Each structure stands twice: as C-alpha cells, then as structure tokens.
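Asker: Structure provided below as structure tokens; questions to follow.
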2 protein chains.
Amino acid sequence: MNTERPAASQGTAMPVRVDAQRNAARVLAAARRAVASAGLDVSYHEIAREAGVGVGTVYRRYPERDQLMAAVLSDILTELIDTAHQALDCDDAWEGFSLLFTGLALRTAQNAGLSGSLDQHGGPAVAQQRHELLDLTRRVIERAQDQGRLRRDLAWQDVLRLTGAPAVRGCVLGLEPDPAHGHHLVLTVLLDGLQAG
Amino acid sequence: MNTERPAASQGTAMPVRVDAQRNAARVLAAARRAVASAGLDVSYHEIAREAGVGVGTVYRRYPERDQLMAAVLSDILTELIDTAHQALDCDDAWEGFSLLFTGLALRTAQNAGLSGSLDQHGGPAVAQQRHELLDLTRRVIERAQDQGRLRRDLAWQDVLRLTGAPAVRGCVLGLEPDPAHGHHLVLTVLLDGLQAG
DNA sequence: GCTGAAACGGACAAGATCGGTCCGTTTGTT
DNA sequence: AACAAACGGACCGATCTTGTCCGTTTCAGC
C-alpha cells in the first residue's frame, strides 16, 4: 500500500533494500489475506507460505505479533477513513451513508475474523485511527438522520453494529453457499429497513 | 432429546444400560454445545471434557465423526421442524413467518460454525429431515407472501438465506461486543425491511 | 449379595502443527 | 569484487489431536 522510502513514515519503518521492500509488501498483503480467511491467530508459517517467503523473513519484519496485527489493522482503517471522507463529501446524505455502510460491511465481511479485536491489538497509532473513523462514521450517520433519510430510533452505535450483519457465512439449512450473493442480499434488505419513512 | 428404548428409533441406536443412556445423552448435549462454540472440528477430547466422560466413551458411541455430526444436526433439525409446524399453525401468516425466521436465525447464530455443512455430513436420514424443513419453510414464506404481508421481490430461498445475517460477531470497528444485542438489532431491522408495504 | 458382561475412564503412542531460532546461502549496494 | 543486509527453511521443543487399549467400575439378572 505504502511503498515510500522515508525511514519512519508509518508506525513500521520501511527497509532500504529493494528486495526487502518488495517482501515487506508481500508479507503485509499476505497477512491481510491470511487474517481475513483464518482469523487473528493465523500462524506465521501460514502467512509466510501465503507470501511466498520464508518464516524467518516474517519474524524479522514483525518480531512481535502485535506489530503485524497493528500493520494489518492500520491498512484496513486507512482505506475506511478514506471511504468515510468520500461519504461526507456527498451532497446527498443518504447516498453518503449507504456508501460508508457498504464499505464497512464489505471490510467486515472480508475480515470476519478480526471483529472486536481492534481494541486489544495495535498501539496508540491504531487507536487514533480507530477513533478518527468512529467520529467520521458518527457524523455520516447523524447527518443522514438529521436530513430525515435514516430512521432515528437507533443510536449511531447501533447502526454501526449492523454493518456486521452482511458477513453471512450461510444458514443452518445450508443451501448452496454463495457468500457474495448473500452479502448483497442482506445489504439490500437492511438498507431498506433503515431508510426513514 | 430422545431417550426411548427401541433399538433403532433414530439414526443412532439407544443403548440398553441406564448409565449408558445417561452418558449418551450427556455426550450429545456436550457435542451440541461444543460444536456451537468451537465449530465442526472440535476435538473428541474437548467434547468428552465438556460431557464429563472419558474420551473412550465418546469414541465408543460414535466411532465415525460423521455419526456424531449427524446426531447433532438431526437434533437441531428436529427442533426447527417443530418450530416450522408451529409457524404453519398460526392463523396470522406474518406472525408465523417471523416465528420461524427468528427460530432459524437463533439456531444459525448459536451454531455459526456449522453453516453450510449440512450437505456433506449426515446420512440420508438427516438429508430427509433437511428436505422436510426446507419444504415447510418454503410454505411458511410463500403463505406470508400470498397474504401480502411479506415482500414478494425475493425468492423464498433468498429469504431463507437472510436468516444467517443476525449471527453477528461484531464489526470491523469493534465496539463493545454484545452478541445478544446485535442479534436482536439485526433481526428487528431485517424484519422491518422484509415486511410488505 | 453374587457374578458375568457391558460400559467406563484415562494413560498412552503416533502424528500434526505451532512458535521461534539459527546459520549457510543469496542478493543488492557501493 | 567485496561487504553487509536480507533471505529461506531445517530444526527444536512444546502443545494439541486422533485413536487404541486395558485395568477398573457399574449395571442387570439371578
């Protein structure tokens, strides 16, 4: 995501050698994929396999597990904060709301494993990002409510909670599993249920 | 659930000795709890610990893992089929629908681990139960649609799929995790979104 | 009660997987 | 060419899982 040179641009310092940079990017991407599919306690071996590098490389880059998780979470939060800004830029409050809601639902679905773990892992930097995104989200929701487009009988925290719903894995009765379809389905009905009027 | 004597009442034959019966019940109950909280691949040891019996007892009762899973699934399906019959007995189609929908959502949430696995595991007996429940569900949904209480722009399979949504684990942003609250929340909004008119 | 058989429990062997280290080899830089 | 940085993966000990086996307990019929 971020491939600049400067020594301490993010929480994680970028290495100097080009192959090191390439591998750093690979590891982070692999970690995101791995965390998404296998939860927060994926093994380092699994991540290394996914990234196509040796375990040593992963351990060298992230000696502490928390550092890795912080990097992953930060990466996701950055994307979402961007979406939130786009949402606030929309003239139409409902449009902005559904944009952000969709974005949150999508990330939640993709990273079903890490829900609720934001608080524990990640240092103050991640906490700061989280706080920023929470604030933006609150504003997007309340604006839609103020304009009478979003039902007012729910606190903004509860609306936020609903973003977890589309992360459907299936139902007790099975059916042919089609996550994407299910995701879209829930999103549609949920937004219908949320609209004011 | 079923503690009768006959040798081959269900897929699983009931043992003769009273302690054996007691343990059989314990193991099944423990298996349900364990599968609910730890997914389909709980270890036999875990189930035994949960049941308060030795591993040997579990292995003796269910030499094949599939047999155990079939028993668990059958147990759940039995409860749901019962609910479905209650739903059809309701005079009010919407009341019946929301009863069954809630029941399905609850089981899905409680057994989030086993979604979609109904097809693979469980022999023809379970398949039969599944088919029966599917049929009942279809009737409940279509009756509500026919009476103009449930939106018609969704196929009954899709409505069924939605029962997976309330099984919220959390969202990317964390918040204080409160599954029960989230579950109720999604259910409410979803039912609002599903009502016709 | 007594006795035989059924059921029990948990120690145990074998294998998989995990976290984490270490060192011989490769690769980039100057 | 030469040096250092980065790499990869074999390897170790610990943990967890599957599945078996056998000495002990518990039930049922007499």
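The values are calculated or read from the model by the stated rules, or taken from the named source; none is laboratory data. Bear in mind the structure is a predicted one, so any value in this text is a computation, not a measurement. Neighbour counts are summed over all protein chains in view; Cβ atoms, including those assigned to glycine, are modelled from backbone coordinates with ideal geometry.
Asker: Being under 24 Å from A:ALA109 (Cβ atoms) and polar (S, T, N, Q) is the filter; apply it to the range A:24-77 and report the residue that is farthest from the other protein chains (Cβ to nearest Cβ).
Answerer: For the range A:24-77, the residue satisfying everything is A:SER43.
Asker: Residues of the range B:60-84 being touching a helix residue (DSSP H, G or I) at 6+ places or on another chain (Cβ under 7 Å) and within 16 Å of DNA strand C (Cβ to nearest atom), which ones?
Answerer: Across the range B:60-84, the qualifying residues are B:ARG61, B:TYR62, B:LEU68, B:ALA71.
Asker: Any residue at all in the range A:118-136 that is of a type in the set (Lys, Arg) and over 13 Å from B:VAL172 (Cβ atoms)?
Answerer: no
Asker: Do you know which residues across the range A:60-94 are in contact (Cβ under 8 Å) with a residue 60 or more places away in the chain and either surrounded by fewer than 16 Cβ atoms within 10 Å (Cβ to Cβ) or within 16 Å of DNA strand D (Cβ to nearest atom) (or both)?
Answerer: A:ALA71, A:THR78
Asker: Select, from A:LEU187, A:LEU194, the only residue that is crowded, with 20+ Cβ neighbours inside 10 Å, closer than 10 Å to B:VAL189 by Cβ and touching a Phe, Trp or Tyr at 6+ places or on another chain (Cβ under 9 Å).
Answerer: The match here is A:LEU194.
Asker: Now for a different question. Taking the conditions exactly as written (part of a helix (DSSP H, G or I), surrounded by fewer than 23 Cβ atoms within 10 Å (Cβ to Cβ), free of Cβ contacts under 8 Å to residues at least 60 places away in the same chain and charged (D, E, K, R)), does A:ASP153 satisfy them or not?
Answerer: no
Asker: In addition: In the set A:ALA109, A:ALA30, which member is assigned to a helix (DSSP H, G or I) and at pLDDT below 90?
Answerer: Only one candidate qualifies: A:ALA109.
Asker: To continue, here is another question. Select, from A:VAL186, A:VAL126, A:VAL140, the only residue that is more than 16 Å from the chain's Cα centre (by Cα) and at pLDDT below 95.
Answerer: A:VAL186
Asker: Still on this structure, please answer the following. Among the residues in the range B:160-175, are any of a type in the set (S, T, N, Q), part of a helix (DSSP H, G or I), surrounded by 17 or more Cβ atoms within 10 Å (Cβ to Cβ) and in contact with a helix residue (DSSP H, G or I) (Cβ under 6 Å, 6 or more places away or on another chain)?
Answerer: yes
Asker: For the range B:60-89, name all the residues that are among the acidic types (Asp, Glu) and assigned to a helix (DSSP H, G or I).
Answerer: Answer for the range B:60-89, where residues must be among the acidic types (Asp, Glu) and assigned to a helix (DSSP H, G or I): B:ASP66, B:ASP75, B:GLU79, B:ASP82, B:ASP89.
Asker: Do we have any residue at all in the range B:40-59 that's touching a residue at least 12 places away in the same chain (Cβ under 8 Å), more than 15 Å from DNA strand C (Cβ to nearest atom) and farther than 23 Å from B:VAL159 by Cβ?
Answerer: The answer is yes; a qualifying residue exists.
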